[in-house]
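Enquirer: After the structure tokens below, expect a handful of questions from me.
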Amino acid sequence: MKKVAVIGSGTMGNGIAHVFAQNGFPVSLVDISEEALQRALGTISKNLDRIVAKGNLTEEQKEQTLQNITTYTNTQEGVKEADLVVEAATENVDLKLKIFRDLDSFTKPTAILASNTSSISITKIASVTNRPDKVIGMHFMNPVPVMKLVEVIRGYSTSDEVTQQVLDLSKQLGKVPAEANDYPGFVANRVLMPMINEAIYTLFEGVAGVEEIDTIMKLGMAHPMGPLQLADFIGLDVCLSILNVLYEGFGNPKYAPCPLLVNMVQAGHKGAKSGQGFYSWANGPKDLVVADRFKK
Ligand SMILES: NC(=O)c1ccc[n+]([C@@H]2O[C@H](COP(=O)([O-])OP(=O)(O)OC[C@H]3O[C@@H](n4cnc5c(N)ncnc54)[C@H](O)[C@@H]3O)[C@@H](O)[C@H]2O)c1
């Protein structure tokens, strides 16, 4: 695998482009928004500066990494030579199906088409292409340059050969891949989201307050942050939409989103990105205080 294209240059796309470029791959970074592409290059440069400051990269390597990235607003141009495309566009089924239909016609027939989706079925995405054996999930974690895991998701028709190539490639990027089959939520979100939902239920039912729930899970289970803070960080709208995927996908009431979560999302309290969730994020992550609504 030589040339890589990344579709979408938001939170995840810029991190994915960064990691491939830093490992010597020429990367085409594609977005519909020129502004998003410029922002992504700025973020990548800043993140590389941090690695240089820690002594883990030289200035020359930083420059080389940036030179490995070319930006495009035209998808066809950006992907035509790619051996691997990693799609990290907005989480929307119809959008992803359209993107994969286009990728199927714009790329070389041998190219592997991967999606970074958190919750959409890889098998469904593969079904709109003429190469379902070459469609796979490559689920990076946020922030991509820091987090080691890549959850590699095999769609119903993904071939052994393509799976092995993606597992090997993930290792080449310095990541640790773990393979999962394509069922709702895969592994990461199927295990994480019910825990977050249960934490919200314990708050909703008055079992404990925000700080107590997070302290118990942080110190008691050695989690780096409590589930409510993590939910705010991921985005409460994202948590709700993944819980709905689990709920609908399995038809099991145990995945039903807590009514408090539904209310918060409807009220626009989406966590860190909206400034308010279980915590107030007005002063950034280093100075978190429980949101007024949940103060005792
Ligand atoms: N944010 C996370 O923590 C996280 C973690 C794991 C996986 N994911 C998944 O990664 C994907 C991207 O999430 P994100 O948080 O980076 O989103 P984001 O909103 O930060 O970025 C999405 C980008 O996609 C671009 N885009 C939209 N339509 C496009 C198109 N047709 N062609 C090219 N670009 C297009 C947008 O302009 C935007 O820049 C989603 O599938 C999400 O579920 C996100």
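Enquirer: Please identify the pairs in which a residue from the range 193-212 that is in the same structural domain as SER119 (by TED's automatic domain parsing) has its Cβ atom under 8 Å from the Cβ atom of a residue that is modelled with pLDDT of 95 or more and loosely packed, with under 14 Cβ neighbours inside 10 Å, counting only partners at least 6 apart or on another chain.
Expert: Pairs found: none.
Enquirer: The conditions are (1) more than 10 Å from the ligand (Cβ to nearest atom); (2) over 27 Å from LEU240 (Cα atoms); (3) more than 17 Å from the chain's Cα centre (by Cα); (4) not polar (S, T, N, Q), and ASP94 fails exactly one of them. Which is it?
Expert: (2)
Residues are listed down the side, and each one gets a yes or a no for (1) touching a residue at least 40 places away in the same chain (Cβ under 8 Å); (2) away from the ligand (no atom under 16 Å from the Cβ); (3) buried (at least 22 other Cβ atoms within 10 Å of the Cβ):
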residue: ASP232; (1), (2), (3): yes, no, yes
residue: GLY235; (1), (2), (3): no, no, no
residue: LEU243; (1), (2), (3): yes, no, yes
residue: LEU246; (1), (2), (3): yes, no, yes
residue: TYR255; (1), (2), (3): yes, yes, no
residue: PRO259; (1), (2), (3): yes, yes, no
residue: ASN263; (1), (2), (3): no, yes, no
residue: ALA272; (1), (2), (3): yes, no, no
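Enquirer: OK, next. Could you check the range 97-117 and list, in sequence order, the residues that are touching a residue at least 24 places away in the same chain (Cβ under 8 Å), part of a loop (DSSP other than H, G, I, E, B) and either of a type in the set (D, E, K, R) or more than 10 Å from the ligand (Cβ to nearest atom) (or both)?
Expert: So in the range 97-117, the residues touching a residue at least 24 places away in the same chain (Cβ under 8 Å) come out as 97, 99-104, 106-108, 110-117.
Going one step further and asking which of them are part of a loop (DSSP other than H, G, I, E, B), we end up with 107-108, 110-111, 116-117.
Across the range 97-117, the qualifying residues are THR107, LYS108, THR110, ALA111.
Enquirer: Taking the condition in the same structural domain as VAL166 (by TED's automatic domain parsing), closer than 30 Å to VAL162 by Cα and at pLDDT below 95, does GLU91 pass?
Expert: Details: in the same structural domain as VAL166 (by TED's automatic domain parsing): yes; closer than 30 Å to VAL162 by Cα: yes; at pLDDT below 95: yes.
Yes: the conditions hold for GLU91.
Enquirer: Can you confirm whether ILE44 is away from the ligand (no atom under 11 Å from the Cβ) and of a type in the set (A, V, I, L, M, F, W, C)? If you could, list the steps in order and put the result at the bottom.
Expert: Details: away from the ligand (no atom under 11 Å from the Cβ): yes; of a type in the set (A, V, I, L, M, F, W, C): yes.
Judged against the criteria, ILE44 is a match.
Enquirer: Please tell me if GLY174 is assigned by TED's automatic domain parsing to the domain that holds ASP83 and assigned to a loop (DSSP other than H, G, I, E, B). First the steps, then the outcome.
Expert: Details: assigned by TED's automatic domain parsing to the domain that holds ASP83: yes; assigned to a loop (DSSP other than H, G, I, E, B): yes.
So GLY174 passes the test.
Enquirer: Considering only the range 65-87, how many residues are in a strand (DSSP E or B) and either of a type in the set (Val, Ile, Thr) or outside the structural domain of PHE20 (by TED's automatic domain parsing) (or both)? Explain how you work it out, then say what you get.
Expert: From the range 65-87, those in a strand (DSSP E or B) are 69-72, 84-87; that's our starting set.
Within this subset, residues satisfying the condition of being either of a type in the set (Val, Ile, Thr) or outside the structural domain of PHE20 (by TED's automatic domain parsing) (or both) are 69-71, 85-86.
Within the range 65-87, residues that are in a strand (DSSP E or B) and either of a type in the set (Val, Ile, Thr) or outside the structural domain of PHE20 (by TED's automatic domain parsing) (or both) number 5.
Enquirer: So, one more: May I ask you to list pairs of residues, at least six apart or on different chains, whose Cβ atoms are under 8 Å apart, with the first in the range 132-146 being within 14 Å of ILE44 (Cβ to Cβ) and in contact (Cβ under 8 Å) with a residue 60 or more places away in the chain and the second being buried (at least 24 other Cβ atoms within 10 Å of the Cβ) and of a type in the set (Gly, Ala, Ser)?
Expert: Pairs found: PRO143/GLY15; VAL144/GLY15; PRO145/GLY15.
The values are calculated or read from the model by the stated rules, or taken from the named source; none is laboratory data. These numbers come from a predicted model, not from an experiment. Please note: Cβ atoms are built from the backbone with ideal geometry, for glycine as well, and neighbour counts cover all protein chains shown.
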